[in-house]
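The structure appears below as structure tokens.
The values are calculated or read from the model by the stated rules, or taken from the named source; none is laboratory data. Note that the coordinates shown come from a computational prediction; the quantities given were computed from them, not determined experimentally. Here the Cβ is made from the backbone with ideal geometry for all residues, glycine too, and neighbour counts use every protein chain on show.
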Protein chains: 2
Amino acid sequence: MASLEERIRNLRKGALVLSLSSDDTRRNALIAVADALLSRKDEIKAANAADIERAKEKGVQPALLHRLAFTDDKIASAVKGLRELSSLPDPVGRVREKRELDPGFVLEKMTFPIGVIAMIFEARPDALVQIAGLALRSGNAVVLKGGSEAEASNRVLVEIIREATAPYINAEWILGIESHADVSAMLRLDKDIDLVIPRGSNSFVRYVMDHTHIPVIGHSDGICSVYVDAFADIDMAVRIAVDSKVQYPAACNAVETILVHKDAAPAFLPRLGEAFKAEGVLIHGDDETRKHIPGAVAASEADFHTEFLGLECAVKVVSSIEEAICHIAEHGSHHTDAIVTMSEESRKLFFRSVDSADVFCNCSTRFADGFRFGLGAEVGISTSKIHARGPVGLDGLMTTKWLLSGNGEIVSDYSGPDGKPFHHKELPHA
Amino acid sequence: MASLEERIRNLRKGALVLSLSSDDTRRNALIAVADALLSRKDEIKAANAADIERAKEKGVQPALLHRLAFTDDKIASAVKGLRELSSLPDPVGRVREKRELDPGFVLEKMTFPIGVIAMIFEARPDALVQIAGLALRSGNAVVLKGGSEAEASNRVLVEIIREATAPYINAEWILGIESHADVSAMLRLDKDIDLVIPRGSNSFVRYVMDHTHIPVIGHSDGICSVYVDAFADIDMAVRIAVDSKVQYPAACNAVETILVHKDAAPAFLPRLGEAFKAEGVLIHGDDETRKHIPGAVAASEADFHTEFLGLECAVKVVSSIEEAICHIAEHGSHHTDAIVTMSEESRKLFFRSVDSADVFCNCSTRFADGFRFGLGAEVGISTSKIHARGPVGLDGLMTTKWLLSGNGEIVSDYSGPDGKPFHHKELPHA
């Protein structure tokens, strides 16, 4: 058995083969995976049942069991997702810029797969299928580390994907790893892995960022806010606050802090108090908030830095939109922040001033998602300012190459006082 | 005097002010800097003369003295560069994608300054002006560390730029640092600095990459190659090889390795031998090369991993284009690689298979440069696969925000079996 280092190094060849493969090859490989998931469903379900049995014995929480279960519905949905991915336009070889430097001397900036990408994610077998599918569609080799509770399911799925794609991709392009020791070893291989995309708890993502020199995209905290402006439609604000908090409270794009303009507070806060009470949401309110919502507990400063990941929310009254923007800059995590307002001026100021991956107006923070954004799917949400920011879909898995085609041009001819000038003419491109 | 940490943290406010400033404000600030460089030329030249005096006492090499000197010509050229930057279209607030998720529910991906960028560069006062200009045009605050030989010039230039822009940018946005201790301290401030762009020796760039958790773009090695195909025009190949090697041998985009198809070797190599002899270039050749160029010394394996940065070159005969591509994958540094060929098939294969920031056909490797590419100017050349790759101009200093404007949409309405579908309609954008 080859060492982990050798197996990871070996993926470089898979990345090369994938980068040279045609659109049709990668599409057919995706469809082969979709077919294999259905034809080998019994193996998948047996492995998944073993994982669930083990998790129950360990006494894991119901929410985790729910995510862990790879039911018929979820398998069907994963298969559908792969078929949809196969029908998306090829992300490889797209021309992003085209410019003539001089007549017949043409520069193009073209998309190209990144190479070898490591992805670390929670115990969700459907996530493994989606992530492997995105990698295959985008021509990247992958190292996959799923949550250990799904170990047996992950192992079977990687095997099925490898076997289904072998007739199309004549090299190892997918590798599953299982132990924390493997993750630690992998994070040291900065020559062999081009990008790490970790998902998971704040502390885990922070650990990855602090223990590797491989570029990392992802997010640690998801401290999202909704600011209810002086010019908000109060009905809309309540609906958005409730959806942002309760539609899926454990998601990174769920709201944790609600900021309310003092002029909107008397109308909005009692309504919010009732709605949150009905949904079982505990409010941590500042003094001003508690005047309008007697059931709220007193908020500490720490509450405004907390990702509750459950039915709790911090609420604060602010005296201006500027105070809200400053609060978000100081307390937020640059993930997703929304304003509710009917004022075009407030919307514009908020959009310009809030420096987050996703800045919304008059809609739920929960829309921050690659599928909802129309990216096909996502491998994660990045709060990095570098490379991909926000939901990361196929585009985020691509790099670019500059391709320059000439007829014998040399720099000497373009240098010095008598050198030829460049004409730098932009050309149309697809 | 505030501590370095406080002064760097303070730049966050400058970044915010810059990000909110209008295009006109940033353009006028650039023009004010250009004017101030001319009106305060005597101060600049006095400081520069002191730097040169000190460097001469230390006995630095003539090439460094040449780069260090901020002559009237170079000042005029820096001023011209700033005026050109001010006339480039605003890189802030450009819409890169626009999509309707549902009628009236519109998503935009918009460019936005990254924030606080640290740039480390060689002892060239003109580089400081160019880099500060790119930062200002793109709305980013900067920490600048120029080569210590230019310390007095750097200090005066940062002061002039700060004073000239103060009437336009009402916050500290530019900070010069000087000592290695300051650089080490800065590299630890991953919360306060969003991106580091180091230029300099391989070992220095590698040091930066290994000692920070701030994202880094740049390149360490510049091992560029020219492959002379079986179907090359031999005259053109000689001209390109000579220009790629001798036009500026110390540049990162100068050629270090020449690969020659065996069918082209008998015609090409004797001509290369003569041309390189005339230019004083020492050839490290493999056995096959030395049959055609008796004056070549025997190449070691290490020569093909070496960035000579001077008048030396490694030359090897290969038996196929595939062998050339594999050689580049194994020995190159993914910076700039060129093929010389009249075969469209060879060009296409090379363009697809070579995974470098810049892949060229029938032109000199020396064209790998932001100005020549038409990017206005460059802060450096990146071999990273993440974010900007190749010459990094204004675009590379931008991140994006997703802006989503709705009318009260909530995710609950789009969820579950009866949920509304998204229609994901692409919209035209500027």
Restrict the check to segment B:80-91 and report whether at least one residue is surrounded by 15 or more Cβ atoms within 10 Å (Cβ to Cβ) and under 24 Å from A:Ser384 (Cα atoms).
yes
Of all residues making up segment B:373-386, the number that are crowded, with 22+ Cβ neighbours inside 10 Å and either within 8 Å of chain A (Cβ to nearest Cβ) or in a strand (DSSP E or B) (or both):
7
Please verify whether segment B:254-271 includes one or more residues that are on the phi < 0 side of the Ramachandran plot, within 14 Å of chain A (Cβ to nearest Cβ) and not in a helix (DSSP H, G or I).
yes
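Among the listed residues B:Pro270, B:Pro249, identify the single one that is at pLDDT 95 or above and either surrounded by fewer than 18 Cβ atoms within 10 Å (Cβ to Cβ) or under 29 Å from B:Arg372 (Cα atoms) (or both).
Working: B:Pro249 fails: at pLDDT 95 or above.
When all the criteria are applied, what remains is B:Pro270.
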Looking at segment A:252-263, which of its residues are buried (at least 22 other Cβ atoms within 10 Å of the Cβ) and modelled with pLDDT of 95 or more?
A:Asn253, A:Ala254, A:Val255, A:Glu256, A:Thr257, A:Ile258, A:Leu259, A:Val260, A:His261
Name the single residue, out of those in segment B:205-226 being part of a helix (DSSP H, G or I) and free of Cβ contacts under 8 Å to residues at least 24 places away in the same chain, that is surrounded by the fewest Cβ atoms within 10 Å (Cβ to Cβ).
B:Asp210
In segment A:389-409, residue surrounded by the most Cβ atoms within 10 Å (Cβ to Cβ) [restricted to those that are facing chain B (nearest Cβ under 9 Å) and within 9 Å of the chain's Cα centre (by Cα)]
A:Gly390
I'd like the full set of residues that are in contact with a Phe, Trp or Tyr (Cβ under 7 Å, 6 or more places away or on another chain) and closer than 24 Å to A:Lys348 by Cα, limited to segment A:374-393.
A:Gly374, A:Gly390, A:Pro391
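With the requirement that a residue be hydrophobic (A, V, I, L, M, F, W, C) and either under 24 Å from the mean Cα position of the chain (by Cα) or over 26 Å from A:Ser87 (Cα atoms) (or both), what does segment A:1-28 give you?
Once the filter is applied, which keeps residues that are hydrophobic (A, V, I, L, M, F, W, C) and either under 24 Å from the mean Cα position of the chain (by Cα) or over 26 Å from A:Ser87 (Cα atoms) (or both), segment A:1-28 yields A:Met1, A:Ala2, A:Leu4, A:Ile8, A:Leu11, A:Ala15, A:Leu18.
Among A:Asn28, A:Asn10, which is the only one that is in the same structural domain as A:Glu159 (by TED's automatic domain parsing) and farther than 25 Å from A:Asp126 by Cα?
Details: A:Asn28 fails: farther than 25 Å from A:Asp126 by Cα.
The conditions single out A:Asn10.
Listed residues B:Ser86, B:Ser148; which is out of contact with any strand residue (DSSP E or B) (no Cβ under 8 Å at 6 or more places or on another chain) and either among the β-branched types (Val, Ile, Thr) or farther than 22 Å from B:Ser220 by Cα (or both)? Write out each step before concluding.
Values: B:Ser148 fails: either among the β-branched types (Val, Ile, Thr) or farther than 22 Å from B:Ser220 by Cα (or both).
None of the others qualify; the one that does is B:Ser86.
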Give segment A:278-289 a look and list any residue that's out of contact with any strand residue (DSSP E or B) (no Cβ under 6 Å at 6 or more places or on another chain) and closer than 15 Å to A:Leu259 by Cβ, or say none.
A:Asp287
Please go through segment B:341-370 and pick out each residue that is more than 7 Å from chain A (Cβ to nearest Cβ), in contact with an Asp or Glu (Cβ under 7 Å, 6 or more places away or on another chain) and assigned to a helix (DSSP H, G or I).
B:Ser346, B:Gly370
Among the residues of segment A:260-284, which ones are out of contact with any Asp or Glu (no Cβ under 9 Å at 6 or more places or on another chain) and either within 27 Å of A:Asp221 (Cα to Cα) or of a type in the set (Lys, Arg) (or both)?
A:Leu272, A:Gly273, A:Ala275, A:Phe276, A:Lys277, A:Glu279, A:Gly280
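A quick yes/no check of all residues on (1) under 24 Å from the mean Cα position of the chain (by Cα); (2) at pLDDT below 95; (3) part of a loop (DSSP other than H, G, I, E, B):
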| residue | (1), (2), (3) |
| --- | --- |
| A:Val33 | yes, no, no |
| A:Val60 | no, yes, yes |
| A:Leu65 | yes, yes, no |
| A:Leu85 | yes, yes, no |
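Inspect all residues belonging to segment B:50-57 and state whether any of them is surrounded by 21 or more Cβ atoms within 10 Å (Cβ to Cβ) and either more than 24 Å from the chain's Cα centre (by Cα) or within 14 Å of chain A (Cβ to nearest Cβ) (or both).
Of segment B:50-57, the ones surrounded by 21 or more Cβ atoms within 10 Å (Cβ to Cβ) are B:51.
Retained after the next criterion (residues that are either more than 24 Å from the chain's Cα centre (by Cα) or within 14 Å of chain A (Cβ to nearest Cβ) (or both)): B:51.
Yes; the residues of segment B:50-57 include at least one that is surrounded by 21 or more Cβ atoms within 10 Å (Cβ to Cβ) and either more than 24 Å from the chain's Cα centre (by Cα) or within 14 Å of chain A (Cβ to nearest Cβ) (or both).
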From the residues in segment B:320-339 that are touching a helix residue (DSSP H, G or I) at 6+ places or on another chain (Cβ under 6 Å) and buried (at least 24 other Cβ atoms within 10 Å of the Cβ), which one is nearest to B:Ala264 (Cα to Cα)?
B:Ile339
Can you name the condition, by its number, that A:Lys420 falls short on among (1) facing chain B (nearest Cβ under 8 Å); (2) touching a helix residue (DSSP H, G or I) at 6+ places or on another chain (Cβ under 6 Å); (3) surrounded by fewer than 21 Cβ atoms within 10 Å (Cβ to Cβ); (4) not hydrophobic (A, V, I, L, M, F, W, C)?
(1)
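Matching residues to (1) free of Cβ contacts under 8 Å to residues at least 60 places away in the same chain; (2) touching a Ser or Thr at 6+ places or on another chain (Cβ under 6 Å); (3) among the polar types (S, T, N, Q); (4) farther than 18 Å from B:Leu157 by Cα:
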site: B:Glu5; (1), (2), (3), (4): no, no, no, yes
site: B:Arg12; (1), (2), (3), (4): no, no, no, yes
site: B:Thr25; (1), (2), (3), (4): no, no, yes, yes
site: B:Leu30; (1), (2), (3), (4): no, yes, no, no
site: B:Val33; (1), (2), (3), (4): no, no, no, no
site: B:Leu38; (1), (2), (3), (4): yes, no, no, no
site: B:Lys41; (1), (2), (3), (4): yes, no, no, no
